[in-house]
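What follows is a short report on a single structure.
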Amino acid sequence: MGMPPSSIRSLKHIESSCPRMSLGKVFLIRHGKAIHNELFDQLGEQGYADPRGEDADLTDLGRQQASSIASRVAQQVKRISGGTVECAYVSPLNRTIQTLQPFLEQLQVNKVCVDYRLIERMGNGWVANQPRTREAIAARYPFIQLADVGEAAHHPVSAPWEEPHTVKERMVCFLRELLDRHAPLEGGQGASKCVVVVSHHDLMFETFGVSLPNCGMVALSFEALRATVTEHSSKSPKAAVTSDRSLSTRFRTSSN
């Protein structure tokens, strides 16, 4: 499934209505096709609860999709920043980390961070969205750094379905912090920065109103992304008053 036409028009309007002060971009990408997606094709929603799809790896098709989108993004990044990605962010699930791996082969990625706020919608018994422990992730993927927001253990897979406003709230919180860290400074310093984010369908849908296919992408300038975050905050009083620190605390547990 691709983007609804209204969503495409909305994103284009946001981008075109923002004054471009920088060449930099944020590339927001859905992961490639994974085993749990194949189980869904066979079993419907029950496939997401099938133990065979627990924290699913990419399929062969998913790896091909990841390589293809990495090549597309690499062409743009080379034009913008000479081939350097300042930071790449992924969720703690295997399918996003594995989707990022071709980017590391084709681009100079200065830093890779796992952020638990980027995880897919939790609950409903869907083991496909249950991450491994921090220790297991670090052992399997030594090239990444775990962000300082801890594990999303407050909302285990057995809990009720996570509400849409909560999904959007944590995504907007993450994007707000991303802008604080990476957006170009006044005067043009850092105007050619590029950042890559690999996440999941529901976070992209709740935040941008787009239903992305596997390895679908939303690429926005920093100015357009800030406009999107500001718009969400103004429409959602709860999200606007929720501090990044308090939301991060909700996603933090001990490392034991």
* Asked: With each pseudo-label sitting 7 Å past Cα toward Cβ, what's the Gln46-Glu135 distance in nm, one decimal?
  -> 3.6
* **Potential lengthening between Asn124 and His165 on full extension [0.36 nm per residue; Cα-Cα distance subtracted]** => 13.1 nm
* What percentage of the solvent-accessible surface of segment 98-150, computed with a 1.4 Å probe over protein heavy atoms, is contributed by carbon and sulfur atoms? -> 46
* Step through the table entries Lys78/Lys111; Lys33/Lys78; Lys111/Lys168; Lys33/Lys193, compare each Cα-Cα distance with 22 Å, and write down the pairs that go over it. => Lys33/Lys78; Lys111/Lys168; Lys33/Lys193
* **Label-point separation in nm, Arg79 to Leu23, each point 7 Å along Cα→Cβ** => 1.0
* Asked: Using the Cβ atoms and a cut-off under 13 Å, what net charge is assigned to the surroundings of Thr59, where Lys and Arg are +1 and Asp and Glu are -1?
  -> 0
* Structure fact -> Extension length gain for Glu105 and Phe143 (0.36 nm per residue less Cα distance), in nm, is 12.5 nm
* For Ala88, net neighbour charge (Lys/Arg +1, Asp/Glu -1) across residues whose Cβ lies under 12 Å away -> -1
* Farthest positive-ward along segment 51-100 dipole, Cα basis, beta-carbon charges - from Thr59, Gln98, Ser71 -> Ser71
* By how many nm would the segment from Asp180 to Arg72 lengthen if fully extended, with 0.36 nm per residue of separation less the alpha-carbon distance? -> 36.2 nm
* Between segment 194-230 and segment 26-60, what's the alpha-carbon centroid distance in Å? -> 20
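The values are calculated or read from the model by the stated rules, or taken from the named source; none is laboratory data. This structure is a prediction, so every number in the text was calculated from the model and none was measured. Cβ coordinates were reconstructed from backbone atoms using ideal geometry, including for glycine residues, and neighbour counts include every protein chain displayed. Just so you know, the surface numbers come from the protein's heavy atoms only, side chains and all, with ligands and any DNA or RNA stripped out. Shrake-Rupley method; radii C 1.70, N 1.55, O 1.52, S 1.80 Å.
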